[in-house]
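The values are calculated or read from the model by the stated rules, or taken from the named source; none is laboratory data. The shown structure was predicted, so the numbers you read here are calculated from the model rather than taken from an experiment. Keep in mind that these areas ignore ligands, DNA and RNA; they rest on the heavy atoms of the full protein, side chains included. Shrake-Rupley method; radii C 1.70, N 1.55, O 1.52, S 1.80 Å.
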Amino acid sequence: MNYNFLIIISIVICAIISFILSYYLALFTVGEKSSFFKIVQLIVAIVSMTTFYAPIKHVLIKFTNLEEDEREKNE
């Protein structure tokens, strides 16, 4: 599997998790009728994207054995 393809997959997974988490957390804290709803949702989405991206990428790299595949190509 290509490294770039793996990064795209991890970004998509992270974006889906961040969207769901930010929507429900903003809904729980300020309510959908509030004028701050989208601002809170954006802040939570940015924080969760930066928090979840690296662990998801690390797990995907470890799961696909990407580093071992690249070592075999170099030899």
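Heavy-atom accessible area for ILE8, with the other protein chains in place and a 1.4 Å probe, reaches approximately 100 Å². Listed options for Rg/Rh (Cα atoms, Kirkwood Rh) are [x] 1.42; [y] 1.17; [z] 1.21. The value calculated from this structure is the one marked [z]. If the chain linking ALA54 and VAL30 were pulled fully straight, counting 0.36 nm for each residue of separation and taking away their Cα-Cα distance, it would gain 5.8 nm. In the context of the full set of protein chains, the stretch 3-73 has a per residue accessible area of 74 Å² (1.4 Å probe). Taking a span of 20 Å or more along the helix axis (Cα atoms) and a mean Kyte-Doolittle hydropathy of at least 1.6 as the rule, the DSSP H helices of the chain that qualify are 3-29.
May I ask you to give the percent of accessible area on the stretch 3-73 that is carbon plus sulfur, with a probe radius of 1.4 Å? Reported share for carbon and sulfur atoms: 72 percent.
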